[in-house]
2 protein chains.
Amino acid sequence: MAAGFGFCVTHRDGLARRGVIDTPHGPVDTPVFMPVGTRATVKGVLPRDLAEMGARIVLGNTYHLYLRPGDALVARHGGLHRFMGWDGPTLTDSGGYQVFSLGDRCRLSEAGAEFRSHLDGSTHLLTPESAADIQARLGADVAMVLDECTAFPATPDVAARSLERTARWAARARARHLAIAAGETDVVPSTPGQAQFGIVQGGVHDDLRRASAEATIAVGFEGYAIGGLSVGEPVDVMYDVVEHTAPRLPADRPRYLMGTGMPDDLVESVARGIDLFDCVLPTRNARNGQLFTRRGPLSIKNARYAEDPRPVDPDCGCPVCRRHSRAYLRYLFVAGEMNAAALNTLHNLHFYLDTMRRIRKAIEFGTFGTFKREFLETYSRRNLND
Amino acid sequence: MAAGFGFCVTHRDGLARRGVIDTPHGPVDTPVFMPVGTRATVKGVLPRDLAEMGARIVLGNTYHLYLRPGDALVARHGGLHRFMGWDGPTLTDSGGYQVFSLGDRCRLSEAGAEFRSHLDGSTHLLTPESAADIQARLGADVAMVLDECTAFPATPDVAARSLERTARWAARARARHLAIAAGETDVVPSTPGQAQFGIVQGGVHDDLRRASAEATIAVGFEGYAIGGLSVGEPVDVMYDVVEHTAPRLPADRPRYLMGTGMPDDLVESVARGIDLFDCVLPTRNARNGQLFTRRGPLSIKNARYAEDPRPVDPDCGCPVCRRHSRAYLRYLFVAGEMNAAALNTLHNLHFYLDTMRRIRKAIEFGTFGTFKREFLETYSRRNLND
């Protein structure tokens, strides 16, 4: 374990775990949802709002921050926390996913991923080592290893080769991370005690997932992520992979399901032993007018809300639901006012964070099974007004 | 005076006045700056932020709200305050200025202004009476009469005809306003006790301004505005008009300088006896990257701020200056993040409201002259980085 980082499970309820992660920037109660602050800002909400609604750890994107403003600039300004004005814990991804999805003409080799910037066309090489260097300079509390995100669907053969490389990259990333921490490189970490998580790949193939889990655990990390899901596979397939992969990960380390998901995905995955989540859904969908409620999402631009005096979710205690009607939110969205995005984001993030709060309470009280059944009975994945 | 509305001057310092306006939604300390919430929302800040930074009264635009979502809908949802989630005082303009500047093919007659909506091309007629009706339904604490905003430059002849019509319209608007308040119409006011302000026009011609002031006072209103300024005339000309017009307005009624201005304009105009201001500058310029400081405005996108660790204004205590560097704000702006607009708006409005707070204190202490001299010695109208 990196100094300053720790994890302990305080309650169990079935496979669901209630715990606390200690980070250099303070403790995080798990299971936890991490709002996504891609470019060192969570679109639509300011740090104070995040703190007030109970967000404890925020995600930043290595790919974006490396290209602009640059990890060196962020480091000169005291690291990601000080730069973005968020003094709670943070996590950065490795940039791999964005290199593959946003980088132009991405070329993969054993060394790493060569790509052109989507901003100015300049050529860059991201390696397991450079991803660790960049993240050390950004200085999040948790860094991720560079992995190759296997596309879905992938043949077992392709998935196998991908995860073998991911395993070799994991070992290189870990070696570099430990060398940085030991002061054996010229990289000055912005946050001493930064942890590093490994990533289990393997697509939807159980044997490959097992092999990847074993290889990643063999390297040894402060925590473990399940990657390569929420990439188009059916949810039942995703739940299956989580169900089979989570128990193979060390019980004394946090488990992070990357890029997931809808509110019911969070509940289902906690039930399978997941501790951390991140997803752009609450923020991105807010900007597109999709608002989450306990009964399911609704599309606020729908004409049926033009005269609706009710709050978005009558059961929600967020500042938006306490103050504003659906009619007002619909009007702002249709008028194209930027505050529509701000209010919608505030509500959606509050909904996600409140759902996690309820999950944590249920595990503490040993009533998670009941909570899960009632949540899923009430919650519809489809828009209520479809 | 309308029931629920009142004004008293508590301190004088030269021509500067410190006072309190009582409205159906509570008191307003003057001199006051009113953030502009054109479409029932102040772009970039939420009602809670407005309250926290000390905003006391917010402006809404009759033209925009009449066209969308419609004054009838706003009335059905409890009026402007409840609709926008702002329980403090509000003021609506008459819509005249927007009809002339935004309305397509505007045709003016003695009846009123016929125009096509910029939203859907539909034809509408705004009259002194209908502007009063719409504003009664919107239910702001203060309504404005429909006036003809004289273009600058205007010949004395054109200006004279314009202000004669404005005077006739003022009488019609007042009659309608009183009839609504007396329950003699089928318009149900959303805020009982709404006040109505008259508007003095007359361009830059002193004799016309005097005639307009006399005609408007003869009609009789709860307050008086100086309109038709900040439309392209040199600031010295504006100051002259204010200097000659303000003393002609009743000493026991609030005086409102419409659509002004830069921070030094506020100081100069308070010195000439103005009590209320509104302006889009702090909000609109924030979205364009212009930030106000005690030394003058700066353009945050300038490359010189890329590594600047200082707050926007080292003398400012706003949440943005306490938490974020110029480097971060420049980065957010250049990256096109919506939170750049939110943070810039928060700072600029705070600067404007803080300037007014300092003005009020100075008048209370009888030190407004010193304050004014020091403010103007320090403040530059030109961008600091030009």
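The values are calculated or read from the model by the stated rules, or taken from the named source; none is laboratory data. Since this is a predicted model, take the numbers as computed values, not measurements. Note that we place each Cβ from the backbone using ideal geometry, even for glycine, and neighbour counts take in every protein chain shown. Protein only, heavy atoms only, side chains kept; ligands, DNA and RNA dropped before computing areas. Shrake-Rupley method; radii C 1.70, N 1.55, O 1.52, S 1.80 Å.
Numerical summary
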| quantity | calculated |
| --- | --- |
| Backbone HN-Hα couplings from phi across region A:188-199 [Karplus 6.51/-1.76/1.60, Hz, Gly and Pro as x] | 9, x, 6, 10, x, x, 4, 8, 9, 9, x, 10 |
| Relative contact order (%) - criterion: Cα under 8 Å, at least six apart; region: region B:255-351 | 26 percent |
| Chain-alone versus full-assembly comparison, region A:285-317, residues with accessible loss of at least 50 Å² (1.4 Å probe) | A:GLU307 |
| Three-way shape call for region A:336-379 based on the alpha-carbon gyration tensor, with the a/c threshold at 1.5 | oblate |
| Distribution of pairwise C-alpha distances over region B:227-268, 5 Å bins, in % | 5, 21, 36, 24, 11, 3, 0 |
| Residue (of A:PRO247, A:GLY232, A:GLY220) at the positive-pole extreme of region A:200-262, dipole from beta-carbon charges | A:GLY220 |
| Label 7 Å beyond Cα on the Cβ vector: B:ARG161 copy-to-copy distances, nm | 8.3 |
| Descending principal axes extents, region B:77-149, alpha-carbon based, whole Å | 36, 25, 17 |
| Interface residues in region A:46-69 - accessible area drops by 50 Å² or more relative to the isolated chain, probe 1.4 Å | A:LEU46, A:ARG48, A:ARG68 |
| q = 0.06, 0.08, 0.11 Å⁻¹, the protein assembly as shown: log10 I(q)/I(0) [Debye, one scatterer per Cα] | -0.45, -0.74, -1.13 |
| Accessible-area composition of region A:39-177, carbon plus sulfur, in percent [1.4 Å probe] | 52 percent |
| DSSP bridge orientation in the protein assembly as shown - percent antiparallel, rounded to nearest 5 | 50 percent |
| Calculated Rg and Dmax of region B:192-233 using C-alpha coordinates, Å | 11.5, 38 |
| Members of region B:75-98 that become less accessible by 30 Å² or more once partner protein chains are added (1.4 angstrom probe, chain alone as reference) | B:HIS77, B:PHE83, B:GLY85 |
| Reach of A:LYS301 by Cα under 27 Å, taken over lysines that are not fewer than 8 positions away in the same chain | A:LYS43, B:LYS43 |
| Compactness of region B:1-143 as Cα Rg over 2.2 N^0.38 Å, two decimals | 1.13 |
| Cβ-based net charge around A:LEU73, under 10 Å, with every Lys or Arg adding one and every Asp or Glu removing one | +1 |
| Distance from region B:77-116 to region B:266-332 (C-alpha centre basis), Å | 29 Å |
| Label spacing, shortest first and in nm, from A:ARG322 to its equivalents in the remaining copies (7 angstrom along Cα→Cβ) | 1.9 |
| Hull-based mean projected area of region B:118-224, where the convex hull spans the alpha carbons, in square nanometres | 7.6 nm² |
| Ellipticity estimate at 222 nm from DSSP helix runs (n ≥ 4, -39,500 (n - 2.57)) divided over chain A, nearest 500 | -12500 deg cm²/dmol |
| Given charges at beta-carbon only (K, R positive; D, E negative), |dipole| of region B:172-290 in Debye | 340 debye |
| Teacher prompt: B:ARG358 distances to equivalent labels in other copies, 7 Å Cα→Cβ, nm | 4.9 |
| Residue-normalised accessible area of region B:64-111, given per residue in Å² at a 1.4 Å probe | 41 Å² |
| Area of B:LYS361 that stays accessible when all protein chains are in place (1.4 Å probe, Å², to 10) | 100 Å² |
| Axial C-alpha extent at least 30 Å, average Kyte-Doolittle at least -0.5 - helices from chain A (DSSP) | A:156-181, A:338-365 |
| Chain pair B, A: total accessible area buried, heavy atoms, 1.4 Å probe, Å² | 3600 Å² |
| Dipole magnitude (debye, nearest 20) for the protein assembly as shown, charges at Cβ of Lys, Arg, Asp, Glu | 280 debye |
| Rg followed by Dmax, in Å, when region B:27-88 is reduced to its Cα trace | 11.8, 33 |
| Equivalent-ellipsoid semi-axes of chain B, from the Cα gyration tensor, Å, largest first | 33, 24, 21 |
